[in-house]
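Have a look at the structure below before the remarks.
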Amino acid sequence: MSYIAINSQRENGKISKYIYGQFSEHLGHGIYDGLWVGPESDIPNTNGIRNDVVNALKAIKVPVLRWPGGCFADTYHWTDGIGPTNTRKRIVNTSWGSVVENNHFGTHEYFELLKQLGADAYINGNLGSGTVQEMSEWVEYMTFDGTSPMADLRATNGHQEPWKVKFFGIGNESWGGGGNMRPEYYADLYRQYQTFINSYDADTPIYKIASGPNVDDYHWMDVLMKNAAPYMDGISLHHYALASAWEDKRPALNFPENEWFSLIKSAQKMDELITKHSTIMDKYDPQKRIGLIVDEWGSWLRAEENTNPAFLYQQNTIRDAMIAAITLHIFQKHADRVQMANIAQMVNVLQAMLLTDGTKLVKTPTYYVFKMFTKHQDAIAMNTFDELSDTTSASVSKNAEGGYFISLCNFGLSASDDVTVDVDTVIKSVNGSMLRGSRMDEHNDFEHPNEVKLVDFSAVSFRSHQLKAQIPPMSVVTLQVNTN
Ligand code: AHR
């Protein structure tokens, strides 16, 4: 049994829509075949970008897309990806499988994708192997409005108007693949590089993000905050849910019961990580000006058989839906510090929204959670009084019209949870949706694309100020509570 009390006065700040952000890297089929097929492809596309993928993603209201990596970002030289596609450099993707990267998807194609999605830009710059000048000129190329060497080059390449860059990351995982740096050294480099990231567009000052800690590296956070806090708007945090040790990736399908729970427990660690990192940030930034940007999160499981292991292609089950719901609830609880999050990764990589194979497309259970939760975007988080069962996770937001949006996840395997919600306003109507699994690894694939799908939720009743709902095991439920 679970109990939730909503008091209309107990607001907890706005849930940034950017918490629902996405990440796509030049990795496996994340970009090529997943998003980009090129204008000549038989797969229906607009300016080279798959129509089916864009249409599906529009329904989850992608607010921001981080690109081009990840690890790839610290090897990426942006000038390789501009100009006529047939003259672009073919390079080796040393981060992911040493395959040929033809650079057909570059800066112009990224902004075309953002335009089609209606999403904001989050560019991750190359600090690991790039120069200050290169990073500075990329920003000039993208955002300078007027006559300058880079703005002129952009116009020559077919785009007169500058684009808007809302977020800019300076290095990725600089403690590891991004340069194996010590925090003191990175803090100094960060200070130097960010000096030359100019906000040319006064209406869109660039939000600068420092490369933050790996999971629970609290020392990294402390050194960065101590030495560079005044120069940053955000600092990143990466944490992946693992069912076992990092070196022992577990299967995405056909897993034992203990791995259902070990993966969920690993995802739940996000709460502790955010709490502890925020406590360190509070020492140097008590006003909470600086955002904790969880720009890589999600489940990391064993790559599917007969796929290139470096492509990180994994199936996505109802268990991933639990991971998504639980983690998004944690972000909403910490809405005062978590200003953006980006699930890894949007298409065909790790905990993806969509899987593609040639002309085929599958919407994953994770996709449906993002679709169900769109009403939380930019809503007001409610500080509820909760007594939740051990296998229930929940979050409540207030809509602009005054109603409440409740999301619940029962990650138990066998028992329903009877949930009572008290509201200090009279309830007029309730509409519900549900995503439910009938077995632990239920999923959608190219032969069976609709095994896990959204259905109306009717196990709910209400009277006056109270509603009661029965949340089945292995399910995510959303309730729109209307009070007008
Ligand atoms: O998302 C896959 C990889 O995980 C990213 O490239 C890297 O930043 C992280 O280690």
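The values are calculated or read from the model by the stated rules, or taken from the named source; none is laboratory data. Not measured: the values here are computed from a predicted model. Please note: Cβ atoms are built from the backbone with ideal geometry, for glycine as well, and neighbour counts cover all protein chains shown. Accessible surface is based on the protein model in full, side chains and every heavy atom, while ligands, DNA and RNA are left aside. Shrake-Rupley method; radii C 1.70, N 1.55, O 1.52, S 1.80 Å.
Worth pointing out:
- Separation between Cα centres of the range 428-446 and the range 168-185, rounded to whole Å: 40
- Rg/Rg_globular for the range 330-392, with Rg_globular taken as 2.2 N^0.38 Å and Rg from C-alpha atoms: 1.43
- Peptide packing for 193-203, 356-366, 65-75, 35-45 was compared via the average number of neighbouring C-beta atoms within 10 Å per residue; ordered from the highest value, the list is 65-75, 356-366, 35-45, 193-203.
- With distances taken between every two different alpha-carbon atoms, the chain has a Kirkwood hydrodynamic radius of 23.0 Å.
- Spin-label model distance (nm) - residue 389 vs residue 8, 7 Å beyond Cα toward Cβ: 3.1
- Leading residue at positive end of dipole, the range 330-484 (Cβ point charges), from 379, 457, 434: 379
- Where 185, 18 fall by accessible area, highest first, once all protein chains stay in place (1.4 Å): 185, 18
- Alpha-carbon centroid distance for the pair the range 283-299 / the range 212-272, whole angstrom: 13
- Length gained when the stretch residue 102-residue 458 is fully extended (0.36 nm per residue, less Cα-Cα span): 123.1 nm
- Fraction of alpha-carbon pairs over 15 Å apart in the range 269-322 - percent: 64
- Projecting the Cα atoms of 300, 108, 466 onto the dipole axis of the chain, where Lys and Arg carry +1 and Asp and Glu carry -1 at the beta carbon, places 466 farthest toward the positive end.
- Out-of-range pairs (alpha-carbon distance over 26 Å; input 375/428; 58/288; 333/371; 17/115; 14/58; 14/208): 58/288
- The residues of the chain expose, per residue, 39 Å² of accessible area to a 1.4 Å probe.
- The chain, relative contact order [Cα under 8 Å, separation at least 6], %: 19
- Heavy-atom accessible surface of residue 464, to the nearest 10 Å², is about 70 Å², with a 1.4 Å probe and all protein chains retained.
- Packing-based order for 214-220, 55-61, using average beta carbon neighbours within 10 Å, highest first: 55-61, 214-220
- Within the shell of other residues whose beta carbon sits under 15 angstrom from the beta carbon of residue 102, the net charge comes to -2, with Lys and Arg scored +1 and Asp and Glu -1.
- Antiparallel bridge percentage (DSSP; both residues within the range 17-377; nearest 5): 25
- Accessible-area composition of the chain, carbon plus sulfur, in percent [1.4 Å probe]: 48
- Sequence of 443, 26 from largest to smallest accessible area, 1.4 Å probe: 443, 26
- For the set 398/468; 61/398; 61/226, the pairs lying more than 26 angstrom apart at their alpha carbons are 61/226.
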